[in-house]
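Every number here is computed from the coordinates shown, using simple stated rules; none is lab data. Since the structure is predicted, the reported quantities are computational estimates derived from the model, not experimental observations. Note: ideal-geometry Cβ built from the backbone for every residue, glycine included; neighbour counts use all protein chains shown.
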Amino acid sequence: MQNNFTIYNSLSRKKEPFKPLHPPFVGIYVCGPTVYSDPHLGHARPAVTFDILYRYLMHLEYKVRYVRNITDVGHLVNDADEGEDKIERKARLEHLEPMEVVQKYINSYLKNMEQINILHPSIEPRASGHIIEQQQLIEEILKKGYAYEVNGSVYFDVLKYNEKYTYGKLSGRILEDLQSSTRDLEGQDEKRNPYDFALWKKATPEHLMRWPSRWSDGYPGWHLECSAMSIKYLGEVFDIHGGGMDLIFPHHECEIAQSTAAQGKESVRYWMHNNMITINGQKMARSLGNFITLDELFSGNHSLLTQAYSPMTIRFFLMQAHYRSTVDFSNEALQASEKGYQRLMKAVGTLDKIKPSLTSTIDIPALRKKCYEAMDDDLNSPVLLSNLFEGVKYINSLSDGTEKISMADLDSLKSLFSVFVFDILGFKNETDSTGDQKLTSELVKIIINLRQEAKNKKEWAASDKIREDLKNAGIILKDTKEGADWEKA
Ligand code: ZN
């Protein structure tokens with residue numbers, strides 16, 4: 001399969017041509033959410049980034065298996081190997097079972113993702129459903145000599161691993177620096193070295209989520225699930241692993257170490273990382289009070305928001321920055337995105353009304369080429385959008401008659417917009433799906449009543465003409481005993 005797609009590989013730190021291992025099949029693994037709170041703007045960014053990747057690869061006719069996990073166990077509050085489990089802490093606060101917390105926030109995550117028009121992944125595996133696979137991976141790492149057991153817990157031996165392989169190759173962190181900068185935290189004296197990390201933790205008596213193992217009743221370390229589930233569903237070596245930049249260290253660094261230690265080779269061929277979102281120039285943090293959930297964005301119900309923003313406005317906002325750049329949230333930026341999105345949708349509506357001429361005064365093949373070049377350049381969505389807005393300018397000039405377009409070029413322009421705006425960038429027409437739909441059904445009802453009046457007066461020609469005109473407009477009338485019904489052709 002031919003493609004000119006290049007992606008920036010965080011491991012090699014350069015753009016590389018995308019060559020899948022077993023074309024036409026492509027395997028993607030993306031680290032999904034830890035489900036203990038309502039999804040916020042930060043969750044939307046990786047979701048949108050890898051949604052576009054997924055959509056574009058499918059457009060290039062690859063058969064993509066897209067795995068996005070759900071972390072429902074083992075992610076501790078301080079992201080290291082100490083402290084409470086994030087989900088258990090929430091369960092205690094809300095007086096819920098940990099799995100009730102998990103279900104509640106999986107539901108809100110999936111609801112929000114659907115609102116932003118994120119396609120469902122092929123598989124959404126949960127860490128708690130793969131305890132056996134994780135234990136098997138620990139056995140494999142122990143057998144190869146890269147882990148050790150202490151008091152019922154198992155830790156990864158970073159120093160030993162680094163003798164044969166390179167720990168820190170993804171993050172660029174060098175072990176010597178880690179050795180001098182990692183403090184000995186209280187309770188970490190079980191580890192041979194402070195930068196070793198847990199593969200299995202023995203549960204304390206008050207710990208709720210626990211499973212039996214030959215080491216202890218306990219739970220897996222946070223990094224382990226992604227190694228175990230990616231190998232299970234995508235094979236020992238697979239094409240693309242994605243996630244937020246904040247996961248590079250320690251999470252993805254540890255994933256590489258685990259998979260390499262167990263298999264003697266690396267799993268991932270291309271590492272892709274999306275950058276972070278700042279809020280009015282500041283880092284997003286609960287402590288700063290600038291954590292905005294997606295529900296709050298959609299309703300406008302947050303002190304930092306001057307209005308509500310629709311899901312497609314959020315999608316547009318995230319798309320007008322390249323996924324590897326930071327993007328700064330502000331009301332001004334969101335309002336600009338809202339205008340941009342509406343301008344794009346208006347042009348799509350105008351495009352339907354354009355009449356062809358015998359010749360074209362605009363170059364559609366050149367526009368099409370530029371759109372593909374933008375996507376092929378490491379998913380350059382801001383450049384793609386600016387190309388599409390060049391198309392919007394054409395559409396407006398065609399509409400007011402200052403430019404002309406041939407039938408073939410018009411078809412090509414329509415398919416270009418349909419493919420790039422809807423299939424690849426994943427926009428949907430929000431006005432279409434709500435306001436316009438309602439208006440259409442009201443109008444059709446009025447027309448049906450007019451036709452009924454004509455029939456009542458035995459004006460058959462008028463009644464038939466209404467039916468024919470509706471049919472030409474794509475609306476099929478069906479006479480039933482209860483009156484006329486209709487559907488779109
Ligand atoms: Zn992960």
Quick calc, K232 & E100: beta-carbon distance into FRET formula, R0 22 Å, rounding 0.05, result 0.25
If the label point sits 7 Å along Cα→Cβ of D479, residues of region 439-457 with amide N under 12 Å come out as 452, 455-456
So how strong a dipole does the chain carry about its Cα centre when Lys and Arg Cβ are +1 and Asp and Glu Cβ are -1, to the nearest 20 debye? 1320
Using only the alpha carbons of the chain, determine the length spanned along each of the three principal axes and report them from longest to shortest in whole angstroms. 91, 50, 42
Cα-only Rg/Rh for region 121-161 with Kirkwood Rh rounds to 1.10
Using a Cα-Cα cut-off of under 19 Å, which aspartates and glutamates could be cross-linked to K458, ignoring same-chain neighbours fewer than 8 residues away? E468, D469, D479, E482
State the volume of the convex hull built on the alpha-carbon positions of region 6-274, expressed per residue in Å³ and rounded to an integer. 124
222 nm mean residue ellipticity, helices alone, for the chain (DSSP H n ≥ 4; -39,500 (n - 2.57); rounded to 500): -13500 deg cm²/dmol
In a solvent-free Debye calculation with one equal scatterer on each Cα, what is log10 I(q)/I(0) for region 431-488 at q = 0.23, 0.29, 0.31 Å⁻¹, listed in the order of the q values? -0.93, -1.27, -1.35
Cα-based convex hull, region 306-432, per residue volume (Å³, whole number): 100
Among the aspartates and glutamates, which fall within straight-line cross-link reach of K143, defined as a Cα-Cα distance under 19 Å, with same-chain neighbours fewer than 8 residues apart omitted? E133, D157, E163, D196, E225, E236, E255, E266
In the structure shown, of K19/K265; K19/K414; K346/K393; K86/K160; K353/K393, the pairs separated by more than 23 angstrom at the C-alpha atoms are K19/K414; K86/K160
HN-Hα J in Hz across region 394-411 - Karplus 6.51, -1.76, 1.60, θ = phi - 60°, x for Gly and Pro: 4, 4, 5, 5, 5, 5, 8, x, 7, 10, 10, 9, 7, 4, 5, 5, 5, 4
